[in-house]
Amino acid sequence: MARMQAADTDSDGRISRAEFTAKAAERMRAADSNGGGSVSAEERQAAGAAHRAEAMAQRFARLDTNSGGAISRAEFEAAPARGGRGQPGGRGEMRRGRHGGEGPAMAGHMGQRRDGQSGPMTIAQVEARMGERFTRMDANGGGYLDAQESAGARAAMGERRQERRERMHQRRDARSAMPSPATPPSE
């Protein structure tokens, strides 16, 4: 829900194609330090480092409740337990990531090509790719993403992620089950 609210820049309760693609383009432009229209590996790494530093500062500030510049044992013990993904303090809270939360949502993917081409992706290519993703997510074809479509897209993404993990484990298990090459007898 927080992701949708962050992407909903006009606060109308739904996300338009323009709002959806603007977030990715905004993050790419912020990482494009030389203004070249694409994000190099070095620019991607710098953006990721900046995001990690900002996230660490936010976590520290959240724990340092009296703003004393240090986290006392009492502040540390009073902090809520770190939960899992999607729970307060958990991994999903700070790494809003890819589609509309805080931080450089495409930090792990900026400049990486998935189309077999070499070189970094341009901002225009990322905008086009996000437009295609929006079309897939817009289940009713209404031109806007509502909370239900957004939740459905996240669930589908989670299922695809789980399927990839299972295939990876199957490949790993198949490799470990293969007999190792026989070593020639020593004479």
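The values are calculated or read from the model by the stated rules, or taken from the named source; none is laboratory data. Everything quoted here is computed from the prediction, not taken from an experiment. We place every Cβ from the backbone using ideal geometry, glycine too, and count neighbours over all the protein chains shown. These accessible areas exclude ligands, DNA and RNA; they are computed on the full protein's heavy atoms, side chains included. Shrake-Rupley method; radii C 1.70, N 1.55, O 1.52, S 1.80 Å.
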**Request:** At 1.4 Å probe size, with no ligands or nucleic acids counted, give the accessible surface of residue 14 in Å², nearest ten.
**Result:** 90 Å²
**Message:** Using +1 at the C-beta of Lys and Arg and -1 at the C-beta of Asp and Glu, which of 45, 20, 56 has the Cα lying farthest in the positive direction of the dipole of segment 8-56?
**Reply:** 45
**Request:** Using a 10 Å cut-off on Cβ atoms, rank the peptides 48-55, 172-179, 64-71 from the highest mean neighbour count down.
**Result:** 48-55, 64-71, 172-179
**Total formal charge among the other residues, if their Cβ is under 14 angstrom from that of residue 169, Lys/Arg +1 and Asp/Glu -1** = +4
**Complete:** Quick tally, 1.4 Å probe accessible area for 33, 38, sorted with the most first, runs 33, 38
**Prompt:** Accessible area, 1.4 Å probe, largest first: how do 138, 146 sort?
**Reply:** 146, 138
**Asked** Can you put 56, 137 in order of accessible area, largest first, using a 1.4 Å probe?
**Response** 56, 137
